[in-house]
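What follows is a short report on a single structure.
Values quoted throughout were computed directly from the atomic coordinates according to the rules given, and no laboratory measurement underlies them. Worth saying up front: this structure is predicted, and the values here are computed from it rather than measured. Ideal geometry is used to build each Cβ from the backbone, glycine not excepted, and the neighbour counts take in all protein chains shown.
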Amino acid sequence: MDEKKGVTAKQDEDFSAWYTQTLLKTELADYSQVSGCMILRPYGYAIWELIRGFLDAELGKRGVENCYFPLLIPEKLLAKEKEHVEGFTPEVAWVTHSGDSALPERLAVRPTSETVMYEAYSRWIRSYQQLPMRLNQWVNVIRWEFKHPVPFLRTREFLWQEGHTVHPTRESADDEVMDILHLYKRLFEELLAVPVFEGRKSDKEKFAGALYTTSVETFLPNNRAIQCGTSHALGQNFSKAFDIQFLDKDEKKKYAWQNSWGVSTRSIGIMLMMHGDDKGLIIPPRVAPVQVVVVPILFDDSKTEVLKASKGVAKALKKFRVRLDDREQYTSGWKFNEWEMKGVPLRIEVGPKDVKNNQVVLVRRDTGEKTPVGVKDLAKAVEALLDDVHSSLFQRAKKRIDDCVVETEDYDEFLKALEDRKLVLAPWCGDPECEDFLRAETKGVKSLNIPFGQEGVGNCVRCDRPAVGRAYFAKSY
């Protein structure tokens, strides 16, 4: 592969350049003419479709229905919940004109859909018999970030799913918050091979207008943390603002309890960063657009036999997402390098000797290990190897994260670990003023979340007040 085609930046020398080169040269995404907005190319969008397929199936089991609400939100709706609008105002893009004529009211371009959906909920919901109501939409949103945009990780426009549910009781709502959070953990670990940790966000970091926010987070190889997905308990804040009431079994009118939750195309960037190497992408098999690529090794005197055998191999593996690369204008070595860069989990090499021996050679993307396999055992071997690739990627990432965790109750050790770009777990009071102090003291480090199930963990690492739990801290996106 020539220098212009391959990834030339090295992770340990310039991680940012490596990341950008990888996503561009593997054709996951491209830049657009609007700063902070990216083009999701077919190879990247195929990953998103596999993520969507998994979530749609799981949400369907839970009685969640897909729908669509408008992109444009009247300013009066966005302003109905005070804390919510204050949290989003800096990021909102506004439509103010139609042609040369000023609109009578500014329209917000959807930063999130609570307000536009809940106005409709207030008209639709009348009785407990309609609850719980569970709706989800797959849409784009605009958040005019002022920070440096990073494709997939922090963009002004991105794709996501946002679920918005209405419940008759807090217990029902709280149960769903955790159920969805566990589902997101499964998404990242079972599909993307990305280890995550669950917990509750601090009051300062919770979603604007929420009662509380839960999240799944991870720690990337460049020693920065990132939020992977969130599940919010909105309480009755929005139902009171939008007058979402229902007649309960006792024939009394009550305000509903609400949740919202979502994951986005950020997940693709997280996957890229977590698993990629200096050759390019390594895509976990369950979200790989191409799980297996068959590459015939062609010579003039055996081309016909090798191509015929290669087509037979591809046909025998039709239950997988398989690609036969029979392009004759490129050498087999060039194709090996291209598919390695694009992160295909397994490569199957078929040469003249393989045809003669009725076998093929399987090559793993994650380790480069080569295994000769008889054609009659191929489908079974491929299935086992794909599962092993997923498991190996997950375990490798988990070990890397575990090796970066520093648990401490000592403030000096806490500061030193953060300076060393570690993932720190320390007892913490959770107070917003304490968090502000920590962020200033550590030049931008913030709390990620507070893992569940922690009681009696002592005193805050900084202010020595009683801790609400041990919290993760790190530099983050």
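Which entries in 10/335; 315/342; 204/475; 80/475; 147/240; 204/249 show an alpha-carbon gap greater than 27 Å?
Among 10/335; 315/342; 204/475; 80/475; 147/240; 204/249, the Cα-Cα distance tops 27 Å for 80/475; 147/240; 204/249.
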Set of aspartates and glutamates near residue 303 by C-alpha distance (under 19 Å), chain-local residues within fewer than 8 positions excluded:
325, 326, 328, 349, 354
Could you please rank 37, 67, placing first whichever residue has the fewest other Cβ atoms within 10 Å of its Cβ?
67, 37
With +1 on each Lys and Arg Cβ and -1 on each Asp and Glu Cβ, how big is the dipole of the chain about its Cα centre, in debye rounded to the nearest 20?
1280
For residue 356, go through the aspartates and glutamates and keep the ones whose alpha-carbon is under 18 Å away, minus same-chain ones fewer than eight residues off.
300, 301, 305, 377
With +1 assigned to the C-beta of every Lys and Arg and -1 to the C-beta of every Asp and Glu, and no other charges, what is the dipole magnitude of the range 292-385 about the Cα centre in debye, to the nearest 20?
400
Length-normalised contact order of the range 225-265 in % [C-alpha pairs under 8 Å, at least 6 apart]:
50
Between rounded, prolate and oblate, where does the range 1-69 land on the alpha carbon gyration tensor, with a ≥ b ≥ c its root eigenvalues, rounded for a/c under 1.5, else prolate if a/b exceeds b/c?
prolate
Cα gyration tensor shape for the range 306-381, rounded if a/c is under 1.5, else prolate or oblate:
rounded
Among 89, 78, 122, which residue has its Cα positioned farthest towards the positive end of the charge dipole of the range 62-134, with +1 placed on the Cβ of Lys and Arg, -1 on the Cβ of Asp and Glu, and the dipole taken about the Cα centre?
122
The range 405-474: relative contact order as a whole-number percent, Cα under 8 Å and 6+ apart:
40
Taking 0.36 nm per residue of sequence separation and subtracting the Cα-Cα distance, how much length would be gained by fully extending the chain between residue 250 and residue 391, in nm to one decimal?
45.6 nm
Amide H contacts under 5 Å for residue 169, placed H, 5+ residues apart:
257
For Cα extents along the principal axes in Å, several values are listed as [x] 61, 53, 48; [y] 68, 57, 47; [z] 82, 54, 52; flag the one computed from this structure.
[z]
Which entries in 319/380; 398/422; 279/380; 206/398 show an alpha-carbon gap greater than 20 Å?
279/380; 206/398
In terms of the alpha carbon gyration tensor, root eigenvalues a ≥ b ≥ c, rounded if a/c is under 1.5 and otherwise prolate when a/b exceeds b/c or oblate, the range 405-474 is prolate
Most exposed to least, judged by fewest other Cβ atoms within 10 Å, 321, 465 sort to 465, 321
Which order results if 78, 50 are arranged by neighbouring Cβ count within 10 Å, fewest first?
50, 78
Over the chain, the sum of -39500 (n - 2.57) across DSSP H runs of at least four, divided by residue number and rounded to 500 deg cm²/dmol, gives at 222 nm -10500 deg cm²/dmol
